[in-house]
1. Looking only at segment 89-131, count every residue that is open to solvent by 10 Å² or more (accessible area, probe 1.4 Å) and either within 20 Å of Phe167 (Cβ to Cβ) or in a loop (DSSP other than H, G, I, E, B) (or both) and tell me the total.
2. Test of understanding: among Ala172, Ala151, Ala134, Ala140, which residue is small (Gly, Ala, Ser), at pLDDT below 95 and open to solvent by less than 60 Å² (accessible area, probe 1.4 Å)?
3. Could you please give the count of residues in segment 178-209 that are farther than 24 Å from Ala35 by Cα and part of a loop (DSSP other than H, G, I, E, B)?
4. Kindly check whether there is at least one residue in segment 144-157 that is within 30 Å of Ala220 (Cβ to Cβ) and touching a helix residue (DSSP H, G or I) at 6+ places or on another chain (Cβ under 9 Å).
5. Tell me the residue from Ser37, Ser41, Ser62 that is farther than 17 Å from Leu214 by Cα, within 13 Å of the chain's Cα centre (by Cα) and open to solvent by less than 100 Å² (accessible area, probe 1.4 Å), please.
6. Tell me, which residue of segment 210-221 that is part of a loop (DSSP other than H, G, I, E, B) and open to solvent by less than 40 Å² (accessible area, probe 1.4 Å) is modelled with the lowest pLDDT?
7. Check segment 3-17 and report whether any residue there is aromatic (Phe, Trp, Tyr) and touching an Asp or Glu at 6+ places or on another chain (Cβ under 7 Å).
8. Does Pro224 meet the test of being closer than 18 Å to Arg25 by Cα, open to solvent by less than 60 Å² (accessible area, probe 1.4 Å) and assigned to a loop (DSSP other than H, G, I, E, B)?
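The values are calculated or read from the model by the stated rules, or taken from the named source; none is laboratory data. The structure presented is a predicted model; accordingly, all values stated were derived computationally and were not measured. Positions of Cβ are backbone-derived with ideal geometry, glycine not excepted, and every protein chain shown enters the neighbour counts. Just so you know, the surface numbers come from the protein's heavy atoms only, side chains and all, with ligands and any DNA or RNA stripped out. Shrake-Rupley method; radii C 1.70, N 1.55, O 1.52, S 1.80 Å.
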Amino acid sequence: MARTHSYTPVLGKRIRVTPLDTCGRFDKTQHHPVATSGFVSVKLAAEVEDGTEITVRKADGSLCVNEKQSNTFKYFTLELEFCGVNPSVLDIVTNATKYLDHAGDTAGFKVAYGKIEKKFALELWTGLSGQACAAGAEDASGYLLLPFITAGTIGDIEVTGEDAITFSMTGAVTKSGNGWGTGPYEVVKKPKQGGGGGYENAKLPTALDPLDHLLMIDTALAPPPDSDQPVTVP
């Protein structure tokens, strides 16, 4: 009989941001994700439209009809606060674009006027409170995926004599119509085929529905290395 996994996520280990095309698809020949632990917080807020209330009163003031339609989930809004500046990450998740130095390295970022068309996916790995690694596991982590997001903007920047300058992303929203499927990455462990025992790395076991905005599971596979640099997907 199948069992239910119960777990308590704590703290954030790693995020990975993946550029997508306008249809929510990943092209490994054109797009290069970045995995980093250089973040302070990730905030999600659900936007819900209240269902219509239908009421009709009798002549004596009592209710004749009293119904409320179901609420409708629309999307999540997303805010990220970063520890330091990573122009390659800001180039993916905000309206900022990379600025190159004379050697062709990414030295900073710039922000120009214009409509924000960028799309990306966000993965987040968390710790799990009081959970030991299962047999064959590399790690015990929570895994959260937002498969299709419209990029946000650089948040407020304040320079003072006392506090560190922080950089944030605000105004990003999740979208329906993702093309993530089972994803381009191996993010879970599964039993090896053939009945020989042991486990192997695998993509998600079931493809996401295009209307899915969020996935959260536990995983026995370790998060990707903390590179802070765009990487090529095998």
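1. Selection size over segment 89-131: 29.
2. Ala140
3. 8
4. yes
5. Ser41
6. Filtering segment 210-221 for residues that are part of a loop (DSSP other than H, G, I, E, B) and open to solvent by less than 40 Å² (accessible area, probe 1.4 Å), the one modelled with the lowest pLDDT comes out as Ala220.
7. yes
8. no
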